[in-house]
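A short worksheet on the structure shown next.
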Amino acid sequence: MTSGLTNIAILGSTGSIGCSTLDVVRACGDRLNVIGLTGHSNLELLARQATEFAPAVVVVSDDQRRSQFQLPSDAATAVLAGQDGIVDLVTRDDVDVVVSAIVGSAGLRGTWAAIDAGKTIALANKETLVMAGPQVMQLAGDRGVSVLPVDSEHSAIFQAMQGGRPSEVERIILTASGGPFRNHSLDQLADVTVQEALAHPTWEMGPKITVDSATMMNKALEIIEARWLFGLSIDKIDVVVHPQSIVHSMVEFCDGSVLAQMSPPDMKLPIQYALSYPRRWQGTAQRLDLTRAFECEFIPPDYERFPALLLGREVAERGGSCGAVLNAANESAVAGFLDGRLKFTQIVSACRDVLNNHDYDPNPDLEQLIGLDRWAREEILRWKP
Ligand code: NAD
Ligand code: MG
(Lines give C-alpha, C1' and ligand atoms only; values in the text may rest on other atoms or scores of the structure.)
(Ligands and ions follow the chains in the order given, each with its own letter.)
Protein backbone atom coordinates (compact mmCIF):
# COMPACT_ATOMS: atom_id res chain seq x y z
CA MET A 1 0.00 0.00 0.00
CA THR A 2 1.47 3.38 -1.00
CA SER A 3 0.46 6.81 0.40
CA GLY A 4 -2.72 5.47 2.03
CA LEU A 5 -4.04 4.28 -1.33
CA THR A 6 -4.95 0.61 -1.75
CA ASN A 7 -3.90 -0.65 -5.18
CA ILE A 8 -6.43 -3.08 -6.59
CA ALA A 9 -6.74 -5.45 -9.54
CA ILE A 10 -10.29 -6.37 -10.58
CA LEU A 11 -10.67 -9.77 -12.26
CA GLY A 12 -13.94 -9.71 -14.22
CA SER A 13 -14.34 -5.92 -14.21
CA THR A 14 -16.98 -6.00 -16.97
CA GLY A 15 -19.39 -8.16 -14.95
CA SER A 16 -22.03 -7.17 -12.44
CA ILE A 17 -19.65 -7.34 -9.42
CA GLY A 18 -16.83 -5.78 -11.46
CA CYS A 19 -18.99 -2.79 -12.43
CA SER A 20 -20.20 -2.35 -8.83
CA THR A 21 -16.56 -2.47 -7.68
CA LEU A 22 -15.76 0.39 -10.06
CA ASP A 23 -18.72 2.32 -8.59
CA VAL A 24 -17.08 1.88 -5.18
CA VAL A 25 -13.79 3.17 -6.63
CA ARG A 26 -15.64 6.20 -8.08
CA ALA A 27 -17.08 6.90 -4.60
CA CYS A 28 -13.83 6.22 -2.68
CA GLY A 29 -11.25 7.35 -5.26
CA ASP A 30 -9.02 8.96 -2.62
CA ARG A 31 -8.53 5.53 -1.04
CA LEU A 32 -8.50 3.11 -3.98
CA ASN A 33 -6.35 3.00 -7.10
CA VAL A 34 -7.00 0.63 -10.01
CA ILE A 35 -3.84 -1.13 -11.22
CA GLY A 36 -5.51 -3.70 -13.48
CA LEU A 37 -8.78 -4.76 -15.08
CA THR A 38 -9.78 -7.95 -16.89
CA GLY A 39 -12.71 -8.78 -19.17
CA HIS A 40 -13.62 -11.72 -21.36
CA SER A 41 -16.17 -10.69 -23.97
CA ASN A 42 -17.60 -7.18 -23.51
CA LEU A 43 -14.47 -5.51 -24.89
CA GLU A 44 -16.21 -2.23 -25.63
CA LEU A 45 -17.00 -1.84 -21.92
CA LEU A 46 -13.48 -2.96 -20.99
CA ALA A 47 -12.05 -0.21 -23.25
CA ARG A 48 -14.31 2.42 -21.66
CA GLN A 49 -13.25 1.29 -18.18
CA ALA A 50 -9.58 1.41 -19.22
CA THR A 51 -10.01 4.95 -20.57
CA GLU A 52 -11.72 6.15 -17.39
CA PHE A 53 -9.41 4.48 -14.82
CA ALA A 54 -6.10 4.43 -16.79
CA PRO A 55 -4.85 1.21 -15.14
CA ALA A 56 -1.28 -0.02 -15.67
CA VAL A 57 -2.62 -3.27 -17.18
CA VAL A 58 -5.73 -4.51 -18.97
CA VAL A 59 -6.17 -8.22 -19.66
CA VAL A 60 -8.38 -9.59 -22.42
CA SER A 61 -8.86 -12.99 -20.84
CA ASP A 62 -10.23 -14.60 -24.01
CA ASP A 63 -7.04 -15.06 -26.11
CA GLN A 64 -9.11 -15.32 -29.29
CA ARG A 65 -10.45 -11.78 -28.90
CA ARG A 66 -7.17 -10.01 -28.12
CA SER A 67 -6.88 -8.70 -31.69
CA GLN A 68 -10.34 -7.07 -31.43
CA PHE A 69 -9.26 -4.91 -28.47
CA GLN A 70 -7.88 -1.44 -29.08
CA LEU A 71 -6.92 1.47 -26.82
CA PRO A 72 -5.92 4.95 -28.03
CA SER A 73 -2.27 4.92 -29.19
CA ASP A 74 -1.25 7.38 -26.44
CA ALA A 75 -2.69 5.18 -23.63
CA ALA A 76 -0.10 4.17 -21.02
CA THR A 77 -1.93 0.91 -20.34
CA ALA A 78 -0.27 -2.42 -21.22
CA VAL A 79 -2.64 -4.95 -22.80
CA LEU A 80 -2.12 -8.62 -21.90
CA ALA A 81 -4.16 -11.68 -22.88
CA GLY A 82 -5.39 -15.02 -21.57
CA GLN A 83 -5.06 -16.70 -18.20
CA ASP A 84 -1.29 -16.04 -18.28
CA GLY A 85 -2.08 -12.34 -18.56
CA ILE A 86 -4.29 -12.59 -15.46
CA VAL A 87 -1.47 -14.32 -13.55
CA ASP A 88 1.01 -11.60 -14.65
CA LEU A 89 -1.40 -8.93 -13.39
CA VAL A 90 -2.15 -10.42 -9.97
CA THR A 91 1.50 -11.17 -9.19
CA ARG A 92 2.68 -7.56 -9.83
CA ASP A 93 4.49 -6.04 -6.84
CA ASP A 94 2.28 -2.96 -6.84
CA VAL A 95 -1.03 -4.88 -6.42
CA ASP A 96 -2.28 -4.97 -2.79
CA VAL A 97 -5.78 -6.47 -3.18
CA VAL A 98 -7.24 -8.68 -5.91
CA VAL A 99 -11.02 -8.50 -6.39
CA SER A 100 -11.91 -11.98 -7.64
CA ALA A 101 -15.10 -11.43 -9.67
CA ILE A 102 -14.81 -13.77 -12.66
CA VAL A 103 -17.79 -16.13 -12.87
CA GLY A 104 -17.37 -19.88 -12.46
CA SER A 105 -14.36 -22.16 -12.18
CA ALA A 106 -12.55 -19.88 -14.68
CA GLY A 107 -11.90 -17.69 -11.61
CA LEU A 108 -9.79 -20.30 -9.82
CA ARG A 109 -6.40 -19.86 -11.54
CA GLY A 110 -6.11 -16.10 -11.04
CA THR A 111 -7.33 -16.31 -7.45
CA TRP A 112 -4.89 -19.11 -6.70
CA ALA A 113 -1.96 -17.18 -8.24
CA ALA A 114 -2.91 -14.07 -6.26
CA ILE A 115 -3.01 -15.98 -2.97
CA ASP A 116 0.29 -17.68 -3.82
CA ALA A 117 1.80 -14.22 -4.38
CA GLY A 118 0.56 -13.08 -0.94
CA LYS A 119 -2.17 -10.69 -2.12
CA THR A 120 -5.26 -9.96 -0.03
CA ILE A 121 -8.34 -11.40 -1.77
CA ALA A 122 -11.77 -9.77 -1.95
CA LEU A 123 -13.64 -12.91 -3.00
CA ALA A 124 -16.85 -12.78 -5.01
CA ASN A 125 -16.02 -15.90 -7.04
CA LYS A 126 -17.57 -18.45 -4.66
CA GLU A 127 -16.93 -21.23 -7.21
CA THR A 128 -13.23 -21.12 -6.23
CA LEU A 129 -14.10 -22.25 -2.69
CA VAL A 130 -16.78 -24.70 -3.85
CA MET A 131 -14.30 -26.36 -6.15
CA ALA A 132 -11.16 -26.28 -4.02
CA GLY A 133 -12.05 -24.88 -0.58
CA PRO A 134 -9.60 -26.86 1.57
CA GLN A 135 -6.71 -26.39 -0.89
CA VAL A 136 -7.36 -22.64 -1.29
CA MET A 137 -7.73 -21.99 2.46
CA GLN A 138 -4.60 -24.06 3.17
CA LEU A 139 -2.60 -21.98 0.67
CA ALA A 140 -4.00 -18.76 2.17
CA GLY A 141 -3.00 -19.96 5.65
CA ASP A 142 0.52 -20.87 4.45
CA ARG A 143 1.00 -17.47 2.76
CA GLY A 144 -0.63 -15.47 5.61
CA VAL A 145 -3.26 -14.15 3.17
CA SER A 146 -6.70 -12.83 4.16
CA VAL A 147 -9.60 -14.07 2.03
CA LEU A 148 -12.31 -11.45 2.62
CA PRO A 149 -15.84 -12.33 1.49
CA VAL A 150 -17.73 -10.20 -1.02
CA ASP A 151 -20.72 -12.54 -1.23
CA SER A 152 -23.31 -10.60 0.80
CA GLU A 153 -24.23 -13.50 3.11
CA HIS A 154 -20.62 -14.29 3.94
CA SER A 155 -19.81 -10.61 4.41
CA ALA A 156 -22.74 -10.40 6.86
CA ILE A 157 -21.49 -13.46 8.76
CA PHE A 158 -17.93 -12.11 8.75
CA GLN A 159 -19.21 -8.82 10.22
CA ALA A 160 -21.48 -10.49 12.80
CA MET A 161 -18.68 -12.87 13.87
CA GLN A 162 -16.84 -9.85 15.23
CA GLY A 163 -19.42 -9.82 18.07
CA GLY A 164 -17.91 -12.88 19.76
CA ARG A 165 -15.10 -15.42 19.65
CA PRO A 166 -14.98 -18.18 17.00
CA SER A 167 -15.36 -20.81 19.75
CA GLU A 168 -18.58 -19.07 20.91
CA VAL A 169 -20.33 -19.43 17.52
CA GLU A 170 -23.16 -21.95 17.80
CA ARG A 171 -24.34 -21.73 14.19
CA ILE A 172 -24.60 -19.44 11.21
CA ILE A 173 -27.88 -18.81 9.39
CA LEU A 174 -27.58 -17.98 5.70
CA THR A 175 -30.53 -16.01 4.36
CA ALA A 176 -31.90 -16.78 0.88
CA SER A 177 -34.26 -14.62 -1.14
CA GLY A 178 -35.89 -17.80 -2.44
CA GLY A 179 -35.61 -16.48 -6.01
CA PRO A 180 -38.44 -15.82 -8.45
CA PHE A 181 -40.07 -19.27 -8.00
CA ARG A 182 -40.28 -19.28 -4.21
CA ASN A 183 -44.02 -20.03 -4.32
CA HIS A 184 -44.09 -22.27 -7.43
CA SER A 185 -45.38 -25.85 -7.15
CA LEU A 186 -43.23 -28.72 -8.48
CA ASP A 187 -45.41 -28.83 -11.61
CA GLN A 188 -44.98 -25.12 -12.24
CA LEU A 189 -41.21 -25.38 -11.74
CA ALA A 190 -40.98 -27.98 -14.53
CA ASP A 191 -42.24 -25.43 -17.07
CA VAL A 192 -40.40 -22.22 -16.21
CA THR A 193 -38.74 -20.38 -19.08
CA VAL A 194 -35.26 -18.88 -19.37
CA GLN A 195 -36.76 -15.40 -19.34
CA GLU A 196 -38.63 -16.10 -16.08
CA ALA A 197 -35.52 -17.59 -14.47
CA LEU A 198 -33.47 -14.51 -15.38
CA ALA A 199 -35.88 -12.11 -13.62
CA HIS A 200 -34.66 -12.03 -10.01
CA PRO A 201 -36.99 -10.22 -7.57
CA THR A 202 -34.37 -8.45 -5.40
CA TRP A 203 -30.84 -8.69 -6.89
CA GLU A 204 -29.43 -7.66 -10.30
CA MET A 205 -26.65 -10.10 -11.15
CA GLY A 206 -24.94 -11.96 -13.99
CA PRO A 207 -26.98 -14.69 -15.76
CA LYS A 208 -25.28 -17.75 -14.19
CA ILE A 209 -25.80 -16.68 -10.57
CA THR A 210 -29.34 -15.50 -11.40
CA VAL A 211 -30.27 -19.01 -12.58
CA ASP A 212 -28.46 -20.44 -9.53
CA SER A 213 -30.67 -18.26 -7.32
CA ALA A 214 -33.80 -19.55 -9.05
CA THR A 215 -32.84 -23.23 -8.48
CA MET A 216 -31.45 -22.31 -5.03
CA MET A 217 -28.16 -23.88 -6.18
CA ASN A 218 -26.68 -20.50 -5.29
CA LYS A 219 -27.54 -21.18 -1.62
CA ALA A 220 -26.13 -24.69 -1.97
CA LEU A 221 -22.86 -23.22 -3.26
CA GLU A 222 -22.93 -20.68 -0.42
CA ILE A 223 -23.31 -23.44 2.20
CA ILE A 224 -20.15 -25.02 0.77
CA GLU A 225 -18.41 -21.62 0.55
CA ALA A 226 -19.23 -20.94 4.24
CA ARG A 227 -18.04 -24.42 5.26
CA TRP A 228 -14.50 -23.73 3.99
CA LEU A 229 -14.27 -19.95 4.48
CA PHE A 230 -15.26 -20.09 8.16
CA GLY A 231 -14.10 -23.66 8.88
CA LEU A 232 -17.52 -24.72 10.24
CA SER A 233 -18.97 -28.22 10.17
CA ILE A 234 -22.27 -28.64 8.32
CA ASP A 235 -24.33 -29.05 11.53
CA LYS A 236 -23.47 -25.40 12.30
CA ILE A 237 -24.80 -24.07 8.98
CA ASP A 238 -28.52 -23.36 8.46
CA VAL A 239 -30.55 -21.64 5.73
CA VAL A 240 -33.70 -19.54 6.07
CA VAL A 241 -35.73 -17.96 3.27
CA HIS A 242 -36.02 -14.19 3.65
CA PRO A 243 -37.65 -12.77 0.51
CA GLN A 244 -36.89 -9.10 1.25
CA SER A 245 -33.07 -9.58 1.18
CA ILE A 246 -32.52 -7.01 3.95
CA VAL A 247 -31.03 -9.29 6.62
CA HIS A 248 -28.00 -10.63 4.76
CA SER A 249 -27.29 -13.46 7.24
CA MET A 250 -26.96 -14.11 10.97
CA VAL A 251 -24.67 -15.64 13.55
CA GLU A 252 -26.04 -17.33 16.67
CA PHE A 253 -23.68 -17.42 19.65
CA CYS A 254 -23.60 -19.94 22.52
CA ASP A 255 -25.62 -17.66 24.82
CA GLY A 256 -28.51 -17.58 22.32
CA SER A 257 -27.77 -14.06 20.97
CA VAL A 258 -28.31 -13.76 17.22
CA LEU A 259 -26.39 -10.97 15.45
CA ALA A 260 -27.60 -9.97 11.98
CA GLN A 261 -26.25 -7.54 9.40
CA MET A 262 -28.90 -5.47 7.60
CA SER A 263 -28.91 -3.12 4.62
CA PRO A 264 -30.86 -2.78 1.35
CA PRO A 265 -29.82 -5.31 -1.32
CA ASP A 266 -26.86 -3.53 -2.93
CA MET A 267 -23.56 -5.34 -3.57
CA LYS A 268 -21.58 -2.09 -3.29
CA LEU A 269 -21.66 -2.41 0.51
CA PRO A 270 -20.08 -5.89 0.87
CA ILE A 271 -17.59 -5.03 -1.90
CA GLN A 272 -16.61 -1.82 -0.11
CA TYR A 273 -16.34 -3.58 3.26
CA ALA A 274 -13.92 -6.13 1.81
CA LEU A 275 -11.82 -3.19 0.54
CA SER A 276 -12.06 -1.02 3.69
CA TYR A 277 -11.68 -3.85 6.26
CA PRO A 278 -10.90 -3.53 9.15
CA ARG A 279 -12.14 0.06 8.79
CA ARG A 280 -15.47 1.38 7.49
CA TRP A 281 -15.78 4.21 4.98
CA GLN A 282 -18.53 6.55 3.89
CA GLY A 283 -19.82 5.20 0.60
CA THR A 284 -22.62 5.30 -1.92
CA ALA A 285 -24.51 2.14 -0.97
CA GLN A 286 -28.23 2.69 -0.36
CA ARG A 287 -29.36 3.20 3.27
CA LEU A 288 -32.17 1.46 5.14
CA ASP A 289 -35.22 3.73 5.34
CA LEU A 290 -36.86 3.04 8.69
CA THR A 291 -39.38 5.86 8.31
CA ARG A 292 -41.37 3.52 6.03
CA ALA A 293 -43.02 0.31 7.21
CA PHE A 294 -41.58 -2.81 5.58
CA GLU A 295 -41.85 -6.51 6.17
CA CYS A 296 -39.07 -8.89 7.15
CA GLU A 297 -40.23 -12.50 6.80
CA PHE A 298 -38.26 -15.64 7.68
CA ILE A 299 -39.55 -18.92 6.24
CA PRO A 300 -38.00 -22.42 6.50
CA PRO A 301 -36.72 -23.68 3.11
CA ASP A 302 -38.61 -26.37 1.20
CA TYR A 303 -36.14 -29.15 0.38
CA GLU A 304 -38.63 -31.03 -1.80
CA ARG A 305 -39.19 -28.18 -4.26
CA PHE A 306 -35.56 -26.99 -4.01
CA PRO A 307 -33.48 -30.21 -3.79
CA ALA A 308 -30.30 -28.28 -4.67
CA LEU A 309 -30.11 -27.40 -0.97
CA LEU A 310 -29.73 -31.07 -0.08
CA LEU A 311 -26.93 -31.39 -2.62
CA GLY A 312 -25.19 -28.41 -1.00
CA ARG A 313 -25.40 -29.93 2.47
CA GLU A 314 -24.20 -33.31 1.25
CA VAL A 315 -21.26 -31.88 -0.69
CA ALA A 316 -20.24 -29.62 2.22
CA GLU A 317 -20.25 -32.67 4.50
CA ARG A 318 -18.40 -35.09 2.19
CA GLY A 319 -15.84 -32.59 0.82
CA GLY A 320 -13.03 -34.18 -1.23
CA SER A 321 -13.84 -34.31 -4.93
CA CYS A 322 -17.57 -33.52 -4.49
CA GLY A 323 -17.33 -29.72 -4.69
CA ALA A 324 -15.44 -29.68 -8.00
CA VAL A 325 -17.91 -32.17 -9.52
CA LEU A 326 -21.04 -30.34 -8.32
CA ASN A 327 -19.69 -26.95 -9.37
CA ALA A 328 -18.73 -28.01 -12.90
CA ALA A 329 -21.90 -30.06 -13.38
CA ASN A 330 -23.96 -27.06 -12.35
CA GLU A 331 -22.08 -24.60 -14.61
CA SER A 332 -22.56 -26.92 -17.56
CA ALA A 333 -26.22 -27.66 -16.72
CA VAL A 334 -27.01 -23.93 -16.34
CA ALA A 335 -25.43 -23.33 -19.77
CA GLY A 336 -27.61 -26.19 -21.07
CA PHE A 337 -30.73 -24.58 -19.62
CA LEU A 338 -29.84 -21.17 -21.09
CA ASP A 339 -29.30 -22.87 -24.51
CA GLY A 340 -32.64 -24.68 -24.30
CA ARG A 341 -31.08 -28.18 -24.00
CA LEU A 342 -32.24 -28.82 -20.41
CA LYS A 343 -35.46 -27.99 -18.59
CA PHE A 344 -35.23 -25.94 -15.42
CA THR A 345 -35.78 -28.84 -12.99
CA GLN A 346 -33.29 -31.00 -14.93
CA ILE A 347 -30.42 -28.72 -13.84
CA VAL A 348 -30.46 -30.17 -10.34
CA SER A 349 -31.43 -33.73 -11.40
CA ALA A 350 -28.47 -33.84 -13.79
CA CYS A 351 -26.11 -32.54 -11.08
CA ARG A 352 -27.38 -35.20 -8.66
CA ASP A 353 -26.74 -38.00 -11.18
CA VAL A 354 -23.25 -36.79 -12.11
CA LEU A 355 -22.33 -36.41 -8.44
CA ASN A 356 -23.61 -39.93 -7.65
CA ASN A 357 -21.70 -41.40 -10.60
CA HIS A 358 -18.30 -39.92 -9.89
CA ASP A 359 -15.37 -41.75 -8.31
CA TYR A 360 -15.16 -40.10 -4.91
CA ASP A 361 -11.69 -39.03 -3.86
CA PRO A 362 -11.39 -37.76 -0.27
CA ASN A 363 -8.15 -35.88 -0.86
CA PRO A 364 -7.65 -34.71 -4.47
CA ASP A 365 -4.90 -32.28 -5.49
CA LEU A 366 -5.47 -29.23 -7.68
CA GLU A 367 -4.68 -31.04 -10.96
CA GLN A 368 -7.16 -33.80 -10.08
CA LEU A 369 -9.83 -31.20 -9.28
CA ILE A 370 -9.29 -29.56 -12.67
CA GLY A 371 -9.57 -33.01 -14.32
CA LEU A 372 -12.83 -33.69 -12.44
CA ASP A 373 -14.16 -30.29 -13.54
CA ARG A 374 -13.62 -31.30 -17.19
CA TRP A 375 -15.11 -34.77 -16.65
CA ALA A 376 -18.28 -33.45 -14.97
CA ARG A 377 -18.91 -30.97 -17.83
CA GLU A 378 -18.68 -33.79 -20.38
CA GLU A 379 -21.01 -35.97 -18.31
CA ILE A 380 -23.64 -33.20 -18.35
CA LEU A 381 -23.40 -32.98 -22.15
CA ARG A 382 -24.08 -36.76 -22.30
CA TRP A 383 -26.79 -36.70 -19.60
CA LYS A 384 -30.26 -38.03 -20.46
CA PRO A 385 -33.24 -37.80 -18.08
P1 NAD B 1 -21.13 -11.67 -14.62
O2 NAD B 1 -21.52 -12.74 -15.57
O3 NAD B 1 -21.90 -10.41 -14.58
O4 NAD B 1 -19.58 -11.27 -14.86
C5 NAD B 1 -18.60 -12.24 -15.01
C6 NAD B 1 -17.22 -11.63 -15.32
O7 NAD B 1 -16.32 -12.72 -15.56
C8 NAD B 1 -17.21 -10.75 -16.57
O9 NAD B 1 -16.26 -9.71 -16.39
C10 NAD B 1 -16.70 -11.71 -17.66
O11 NAD B 1 -16.02 -11.02 -18.70
C12 NAD B 1 -15.73 -12.57 -16.87
N13 NAD B 1 -15.59 -13.92 -17.45
C14 NAD B 1 -16.58 -14.73 -17.91
N15 NAD B 1 -16.06 -15.90 -18.35
C16 NAD B 1 -14.73 -15.81 -18.16
C17 NAD B 1 -13.63 -16.70 -18.44
N18 NAD B 1 -13.81 -17.91 -18.99
N19 NAD B 1 -12.37 -16.29 -18.12
C20 NAD B 1 -12.16 -15.06 -17.57
N21 NAD B 1 -13.15 -14.18 -17.31
C22 NAD B 1 -14.42 -14.56 -17.59
O23 NAD B 1 -21.08 -12.34 -13.15
P24 NAD B 1 -21.33 -11.65 -11.74
O25 NAD B 1 -22.76 -11.69 -11.41
O26 NAD B 1 -20.57 -10.37 -11.64
O27 NAD B 1 -20.64 -12.73 -10.79
C28 NAD B 1 -19.24 -12.83 -10.66
C29 NAD B 1 -18.92 -13.74 -9.48
O30 NAD B 1 -19.40 -13.12 -8.29
C31 NAD B 1 -19.60 -15.10 -9.55
O32 NAD B 1 -18.74 -16.06 -9.01
C33 NAD B 1 -20.82 -14.95 -8.66
O34 NAD B 1 -21.23 -16.15 -8.06
C35 NAD B 1 -20.28 -13.98 -7.60
N36 NAD B 1 -21.31 -13.17 -6.94
C37 NAD B 1 -22.05 -12.30 -7.66
C38 NAD B 1 -23.02 -11.53 -7.04
C39 NAD B 1 -23.82 -10.52 -7.82
O40 NAD B 1 -24.61 -9.79 -7.20
N41 NAD B 1 -23.68 -10.41 -9.11
C42 NAD B 1 -23.25 -11.67 -5.68
C43 NAD B 1 -22.46 -12.57 -4.96
C44 NAD B 1 -21.48 -13.31 -5.60
MG1 MG C 1 -24.84 -14.43 -2.01
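When you scan region 172-231, how many residues do you find that are under 24 Å from ILE157 (Cα atoms), in contact with a Ser or Thr (Cβ under 9 Å, 6 or more places away or on another chain), assigned to a helix (DSSP H, G or I) and more than 12 Å from ligand 2 (Cβ to nearest atom)?
2
Please find, among LEU372, LEU290, LEU381, LEU366, the residue that is among the hydrophobic types (A, V, I, L, M, F, W, C) and without any contact (Cβ under 8 Å) to a residue 24 or more places away in the chain.
LEU290
Among all residue pairs at least 6 apart or on different chains, which show Cβ distances below 9 Å where the first residue, located in region 295-310, is more than 17 Å from GLN188 (Cβ to Cβ) and the second is of a type in the set (Gly, Ala, Ser) and outside any loop (DSSP other than H, G, I, E, B)?
What qualifies is PRO301/ALA176; LEU309/ALA176; LEU309/ALA220; LEU310/ALA220.
If a residue has to be more than 16 Å from ligand 1 (Cβ to nearest atom) and of a type in the set (Val, Ile, Thr) to count, how many in region 186-238 make the cut?
Selection size over region 186-238: 4.
Could you check region 38-106 for strands (runs of 3 or more DSSP E) lying wholly inside it with 3 or more residues that are in contact (Cβ under 8 Å) with a residue 60 or more places away in the chain?
Per the criteria, 97-100.
Which residue, of GLY118, GLY82, GLY110, is modelled with pLDDT of 95 or more and buried (at least 20 other Cβ atoms within 10 Å of the Cβ)?
GLY110
Inspect region 152-167 for any residue being assigned by TED's automatic domain parsing to the domain that holds ILE271, over 21 Å from PRO270 (Cβ atoms) and more than 16 Å from ligand 2 (Cβ to nearest atom) and give the result as yes or no.
Checked region 152-167: at least one residue is assigned by TED's automatic domain parsing to the domain that holds ILE271, over 21 Å from PRO270 (Cβ atoms) and more than 16 Å from ligand 2 (Cβ to nearest atom).
In region 239-246, is there at least one residue being part of a strand (DSSP E or B), in contact with a Gly (Cβ under 7 Å, 6 or more places away or on another chain) and of a type in the set (Val, Ile, Thr)?
Yes: one or more hits.
Condition first: under 25 Å from SER105 (Cα atoms) and either more than 20 Å from the chain's Cα centre (by Cα) or surrounded by fewer than 21 Cβ atoms within 10 Å (Cβ to Cβ) (or both). Now tell me which residues in region 24-45 satisfy that.
Answer for region 24-45, where residues must be under 25 Å from SER105 (Cα atoms) and either more than 20 Å from the chain's Cα centre (by Cα) or surrounded by fewer than 21 Cβ atoms within 10 Å (Cβ to Cβ) (or both): VAL34, ILE35, HIS40, SER41, ASN42, LEU43, GLU44, LEU45.
The values are calculated or read from the model by the stated rules, or taken from the named source; none is laboratory data. Keep in mind that what you see is a predicted model, and the values were worked out from it rather than measured. Ideal geometry is used to build each Cβ from the backbone, glycine not excepted, and the neighbour counts take in all protein chains shown.
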